[in-house]
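To start, the structure under review is shown below, and the notes come after it.
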Amino acid sequence: DSGVTQTPKHLITATGQRVTLRCSPRSGDLSVYWYQQSLDQGLQFLIQYYNGEERAKGNILERFSAQQFPDLHSELNLSSLELGDSALYFCASSVRGSPLHFGNGTRLTVT
Amino acid sequence: AQSVAQPEDQVNVAEGNPLTVKCTYSVSGNPYLFWYVQYPNRGLQFLLKYITGDNLVKGSYGFEAEFNKSQTSFHLKKPSALVSDSALYFCAVRDGGNTPLVFGKGTRLSVIA
């Protein structure tokens, strides 16, 4: 068990809808990262937060947004969903210099 | 910007034989290199890392990796493969500090009994 908790495990929704994915990092980890894993694109970095502040941005669409709350949990919001947004979304956490620890992911299916 | 290439989508090896999963990288500064493994319906699990020091890094489950600066490679190896090693393996790199990891596309390892 990595100590990173992601909910929900599965999410099925329709095109045009909005969903929120939640991540609780390992105790003591200040950094949270979001990644998207799809068959054709591999594992793509979306965004990083450190202690509540946005630290780095990757290939994140404008329809997607995230935040990290004072208790360090993070949420990834996906809106105006398209079929191509179907993927596994992973959250990872770390302390500075340590390897990333990944949650088990949220599988999003857009129909 | 950093990048990682895993040239093989799939590697097949017989149980008991040595295995190698290849990785090459590109980074502007000193590389921080990682290997992760992913089992079905699970998140990525950390195997090993190279930051500095000895070019041969030992990690979990009997895996090791060899850092070669001149060839910008960080190949994953294991002397004797197990069927339970069958999984998806990812190489990743960052250029130090707290920058995000960049992952390769992954290599599916299949160990045949």
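Every read-out reported here was derived from the displayed coordinates using simple, explicitly stated rules and does not represent laboratory data. What you see is a predicted model; the values in this text were computed from it and never measured. Backbone-built Cβ (ideal geometry, glycine too); neighbour counts: all protein chains shown.
Here are the numbers:
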item: Flag if B:LYS58 is more than 14 Å from chain A (Cβ to nearest Cβ) and in contact with a Gly (Cβ under 6 Å, 6 or more places away or on another chain); result: no
item: Selection status of B:VAL27, touching a strand residue (DSSP E or B) at 6+ places or on another chain (Cβ under 7 Å), closer than 16 Å to B:THR72 by Cβ and crowded, with 20+ Cβ neighbours inside 10 Å; result: no
item: Neighbours by Cβ (under 6 Å, 6+ apart or cross-chain): first from the range A:48-63, in a loop (DSSP other than H, G, I, E, B); second surrounded by 14 or more Cβ atoms within 10 Å (Cβ to Cβ); result: A:ASN51/A:LEU30; A:GLY52/A:GLN68; A:GLY58/A:PHE45; A:GLY58/A:LEU46; A:ASN59/A:GLN44; A:ILE60/A:LEU46; A:ILE60/A:ILE47; A:ARG63/A:SER79
item: Restricting the range A:92-111 to residues that are under 18 Å from A:SER79 (Cα atoms) and part of a strand (DSSP E or B), the residue that is nearest to the other protein chains (Cβ to nearest Cβ); result: A:ARG107
item: From A:ASN77, A:ASN104, A:ASN51, residue being within 25 Å of B:LEU47 (Cβ to Cβ) and either polar (S, T, N, Q) or touching a Cys at 6+ places or on another chain (Cβ under 7 Å) (or both); result: A:ASN104
item: So B:PHE46, is it crowded, with 21+ Cβ neighbours inside 10 Å, within 15 Å of the chain's Cα centre (by Cα) and either over 27 Å from A:THR5 (Cα atoms) or not β-branched (Val, Ile, Thr) (or both); result: no
item: Complete set of residues in the range A:25-43 that are more than 8 Å from chain B (Cβ to nearest Cβ) and surrounded by fewer than 23 Cβ atoms within 10 Å (Cβ to Cβ); result: A:ARG26, A:SER27, A:GLY28, A:ASP29, A:LEU30, A:GLN37, A:SER38, A:LEU39, A:ASP40, A:GLN41
item: Per-region count, the range B:68-113, residues in a loop (DSSP other than H, G, I, E, B), surrounded by 19 or more Cβ atoms within 10 Å (Cβ to Cβ), within 12 Å of chain A (Cβ to nearest Cβ) and touching a residue at least 24 places away in the same chain (Cβ under 8 Å); result: 3
